[in-house]
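Q: Here you go, one structure.
The values are calculated or read from the model by the stated rules, or taken from the named source; none is laboratory data. Note that the structure is a prediction, hence the values are computed from the model and not measured. Cβ placement follows ideal geometry from the backbone for every residue including glycine, while neighbour counts extend to all protein chains displayed. Only protein heavy atoms, including side chains, enter the accessible area calculation; ligands, DNA and RNA are left aside. Shrake-Rupley method; radii C 1.70, N 1.55, O 1.52, S 1.80 Å.
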Amino acid sequence: MIHVLTLTYLTPRETVVAHMAEHKAWLREHADLGRILLSGPRPEGGAVIVTAELDETQVRELIESDPWHKLGIASYEQLSFEGRNASPGVVTAPEPDDGVLLINVATTDDAAASVAALASAVEHVAATADGFRGSRLLTSVDGDALVNFAAWTDRKRFDAIFEDPEFTRRYQAFAETTTGAKYRLYRTSRVITPNR
């Protein structure tokens with residue numbers, strides 16, 4: 001389960017600020033461990049933390065380890081949900097799993113044609129392939145390159161798309177719009193978050 005934790009301040013602002021450094025160190029530690037995906041202050045006061053996929057024991061231990069919780073500076077309200085969909089590149093598992101991230105880089109003289117052709121191949125995969133988690137197509141600011149991030153549950157399911165003649169036809173049409181293309185599969189080996 002993914003958990004959205006809403007923090008409400010229970011003490012004056014000076015107390016919150018006085019213990020900000022230790023709370024930020026705690027946030028960074030757990031973000032680097034993949035347990036916290038997002039965090040930040042709310043405009044009306046308090047803060048929000050979005051966790052990775054944690055069970056009830058793990059999220060309870062996470063909350064109880066926060067210096068603000070230990071010192072009675074903030075209370076936590078918890079909303080949990082099953083995280084079925086995530087933007088490509090967002091890894092919700094706190095520990096490495098079998099998931100792979102495709103990074104496909106292509107150079108092109110016609111970015112619009114390359115994006116359209118690759119989108120056709122990816123839309124086919126989205127409609128037909130098991131294990132596909134989503135894709136994000138990016139065009140360079142100069143318009144001479146295209147990057148595709150695509151997330152997959154595992155390498156085996158990614159490899160299976162090349163057995164689909166319709167996908168290979170569409171991917172070949174994409175390749176013909178480029179001056180060069182190369183892809184690699186990646187797994188998360190370490191996460192480092194901002195130290196601020």
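Q: Can you report the number of residues in the range 60-98 which are among the hydroxyl-bearing types (Ser, Thr, Tyr), touching a His at 6+ places or on another chain (Cβ under 7 Å) and farther than 15 Å from residue 37 by Cβ? Step through it out loud before you land on a result.
A: Residues of the range 60-98 among the hydroxyl-bearing types (Ser, Thr, Tyr): 65, 75-76, 80, 87, 92.
In the following step, the residues that additionally are touching a His at 6+ places or on another chain (Cβ under 7 Å) were identified as 76, 80.
Still in the running and farther than 15 Å from residue 37 by Cβ: 76.
Number of matching residues: 1.
Q: Hey, another quick one. Return the residues of the range 35-76 that are of a type in the set (Lys, Arg), free of Cβ contacts under 8 Å to residues at least 40 places away in the same chain and touching a strand residue (DSSP E or B) at 6+ places or on another chain (Cβ under 7 Å); say none if nothing qualifies. Can you show your working first?
A: Going residue by residue through the range 35-76, those that are of a type in the set (Lys, Arg) are 35, 42, 60, 70.
So of that shortlist, the ones also free of Cβ contacts under 8 Å to residues at least 40 places away in the same chain come out as 42, 60, 70.
Matches in the range 35-76: 42 only.
Q: When the residues of the range 149-190 are filtered to those that are in a loop (DSSP other than H, G, I, E, B), farther than 17 Å from residue 118 by Cα and open to solvent by 60 Å² or more (accessible area, probe 1.4 Å), which remaining residue is modelled with the highest pLDDT?
A: Applying the filter and picking the extreme gives 187.
Q: I've got another one for you. Can you tell me which residue is farthest from residue 96 (Cα to Cα) among those in the range 176-196 that are of a type in the set (A, V, I, L, M) and out of contact with any strand residue (DSSP E or B) (no Cβ under 6 Å at 6 or more places or on another chain)?
A: Filtering first and then ranking leaves 192.
Q: For the range 21-56, which positions are in contact with a Pro (Cβ under 7 Å, 6 or more places away or on another chain) and surrounded by 16 or more Cβ atoms within 10 Å (Cβ to Cβ)?
A: Across the range 21-56, the qualifying residues are 23, 26, 34, 35, 47, 52, 53, 54.
Q: OK, next. Quick one: which residue in 59, 17 is part of a helix (DSSP H, G or I) and surrounded by fewer than 13 Cβ atoms within 10 Å (Cβ to Cβ)?
A: Among 59, 17, only 17 is part of a helix (DSSP H, G or I) and surrounded by fewer than 13 Cβ atoms within 10 Å (Cβ to Cβ).
Q: Kindly indicate whether residue 86 is of a type in the set (Gly, Ala, Ser) and either more than 30 Å from residue 51 (Cβ to Cβ) or in contact with a helix residue (DSSP H, G or I) (Cβ under 9 Å, 6 or more places away or on another chain) (or both).
A: Considered against the rule, which asks whether it is of a type in the set (Gly, Ala, Ser) and either more than 30 Å from residue 51 (Cβ to Cβ) or in contact with a helix residue (DSSP H, G or I) (Cβ under 9 Å, 6 or more places away or on another chain) (or both), residue 86 comes out as no.
Q: Here are 30, 23, 3: which of them is touching a strand residue (DSSP E or B) at 6+ places or on another chain (Cβ under 7 Å) and either without any contact (Cβ under 8 Å) to a residue 40 or more places away in the chain or not in a strand (DSSP E or B) (or both)?
A: On the way: 23 fails: touching a strand residue (DSSP E or B) at 6+ places or on another chain (Cβ under 7 Å); 3 fails: either without any contact (Cβ under 8 Å) to a residue 40 or more places away in the chain or not in a strand (DSSP E or B) (or both).
Just one listed residue meets the conditions, 30.
Q: Evaluate the range 120-140: report whether one residue or more is within 30 Å of residue 8 (Cβ to Cβ) and free of Cβ contacts under 8 Å to residues at least 60 places away in the same chain.
A: Pass one, the range 120-140, residues within 30 Å of residue 8 (Cβ to Cβ): none.
No - not one qualifying residue is present in the range 120-140.
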